Amino acid sequence: MRTLYILLLVAIASCQQASSQMTTRVVANNLFIPWEMVYAPDDHIWFTQKNGYICRVEPATGEVDTLYYESNTVVSGEGGMLGMALHPNFPTDPYVYVAYDYSQGGYKERIVRYTYNGTQLSSPMTLLDNIAANTYHNGCRLVIVNGQLYITTGDAGTTANSQNLSSINGKTLRINLDGSIPSDNPIPGSPVWGWGHRNAQGLVYANSRFYSSEHGPGNDDELNILQKGRNYGWPNVEGFCDKPGETTFCNDSNVVEPLKAWTPTLAVSAIAYYNHPMFPSLQNSILMTTLKDEKLYELELNGSYDAITNSNVISQVSGDRLRAVCIDPDGRIYISTSNSPASGTGAKIDKIIEIYDPTYSSIAQQLKKNKEVVAVYPNPARDEINIYNNIPRSKGGYKYAIFNLSGQEISGNDLQSGHNKVSVASLPAGAYLLKVFNGLEQVSSTQFRKL
């Protein structure tokens with residue numbers, strides 16, 4: 001009988017080094033504005049390029065695969081191929097969601113779902129269309145939470161769009177993964193979930209909250225916490241409700257003020273939540289890329305996750321226009337640059353940069369040395385858990401299931417080799433069991449706690 005090592009990771013920090021050495025290296029170059037990056041379960045970085053390409057790169061080797069070219073993409077100023085999200089159960093549910101701008105009876109934006117067959121993307125299915133686009137103010141980040149797709153759209157250069165609830169521009173939109181409208185959206189039959197935005201180019205879900213970064217007009221770039229059915233003020237309010245005439249509008253329209261605003265503007269772009277022990281000083285922070293300022297910012301959150309307590313510059317990647325950011329399960333940070341000519345012509349000079357600590361030995365790296373391993377981390381967890389396994393596959397495959405302590409099965413799915421991210425955001429606080437099965441045989445049981 002095989003020996004199965006079951007490791008319950010109560011304290012990931014037990015394997016971190018005494019100090020961090022922040023080091024950078026170029027993962028891939030000769031790219032054209034990698035607008036979005038997602039670290040996928042296949043241990044590749046999936047990324048869009050603004051000129052219509054969907055690619056992935058293997059970080060260790062730098063080998064880039066082209067998965068799809070969307071020939072309908074039209075690059076114009078800020079417009080082109082933009083945000084991307086992978087299905088939470090990817091690749092079991094092999095769907096990739098992408099936003100791109102095109103020209104047909106005017107410049108427009110659409111949200112499309114592609115299907116991955118293991119080597120290529122195919123079968124584009126339009127979920128949402130006829131979003132107004134422009135050479136500037138197009139949004140457009142995508143995040144999937146609890147089976148719904150959240151989309152940020154810009155005002156497309158028409159400021160009145162943002163307060164017009166009949167328009168889907170200048171909004172946060174929310175649709176089901178098949179393109180239908182959730183029945184509990186604030187406006188029946190409408191994808192609008194929140195409004196009053198100018199040009200939100202950053203979106204991340206963490207700590208049971210949506211954080212969003214947004215470009216200001218020449219003042220008051222913003223970091224917001226997005227809430228259902230709430231107004232964020234644009235164009236009547238810029239930043240906080242602190243100018244003549246803004247206070248009345250804020251009170252009358254139930255405006256949500258930002259966590260932080262920047263004047264002069266930084267040209268804020270993507271954001272990601274960091275809480276990994278590779279860089280302890282960055283834990284419980286939002287990482288934010290900037291274009292005009294050409295810096296990567298660390299925004300420290302308070303214990304309630306609803307205020308910024310400090311802001312620092314991570315100097316190792318300054319000097320380039322910085323577009324996208326993602327984090328892998330081992331705590332490495334990946335940044336993409338945005339230096340290629342916005343017209344889409346000329347030299348492709350952008351790159352993806354890795355920030356890492358070469359002295360750090362992660363839990364996952366140690367586990368990979370074993371032949372048969374299951375690990376669950378972080379523990380305790382807030383919004384999601386990682387299930388790492390390196391079990392040889394046999395007939396029937398492996399599955400996981402989450403049980404409460406009364407023995408009731410709450411959720412489960414196939415267990416893919418390597419890293420598996422599982423959302424636990426909807427679970428009440430308490431203790432749970434995660435069990436792994438090979439067919440009908442239970443091969444492991446790990447208790448974890450949901451905060």
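Every read-out reported here was derived from the displayed coordinates using simple, explicitly stated rules and does not represent laboratory data. No experiment lies behind these values; they were computed from the predicted model shown. Positions of Cβ are backbone-derived with ideal geometry, glycine not excepted, and every protein chain shown enters the neighbour counts.
Here are the numbers for this structure:
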| quantity | calculated |
| --- | --- |
| Given charges at beta-carbon only (K, R positive; D, E negative), |dipole| of the chain in Debye | 940 |
| Around Asp184: net Lys/Arg minus Asp/Glu count, Cβ-Cβ under 11 Å | +2 |
| Length-normalised contact order of the chain in % [C-alpha pairs under 8 Å, at least 6 apart] | 15 |
| Per-residue Cβ neighbour rank within 10 angstrom, fewest leading, Arg198, Arg332 | Arg332, Arg198 |
| Lysine pairs in segment 20-356 with Cα atoms under 24 Å, if 8 or more residues apart or on separate chains | 19 |
| Among His197, His215, Met278 - extreme Cα towards positive end, dipole of segment 177-295, charges at beta-carbon | Met278 |
| Exposure proxy ranking, count of Cβ atoms within 10 Å, fewest first, for Phe210, Phe240, Phe47 | Phe240, Phe210, Phe47 |
| Amide proton proximity set for Arg141, modelled H, under 5 Å, gap of 5+ | Thr152 |
| CD proxy at 222 nm, helix term only [per DSSP H run n ≥ 4: -39500 (n - 2.57); per residue of the chain; nearest 500] | -500 deg cm²/dmol |
| Alpha carbon centroid spacing (whole Å) that separates segment 208-283 from segment 319-359 | 24 |
| D_trans [Stokes-Einstein, Kirkwood Rh over alpha-carbon pairs] for the chain, 10 °C, 1.306 mPa s, µm² s⁻¹ | 70 |
| Karplus-derived 3J(HN,Hα), 6.51/-1.76/1.60, for each residue of segment 129-146, Hz, glycine and proline x | 9, 6, 7, 4, 10, 7, 5, 8, 6, 10, x, 7, 9, 10, 9, 9, 9, 6 |
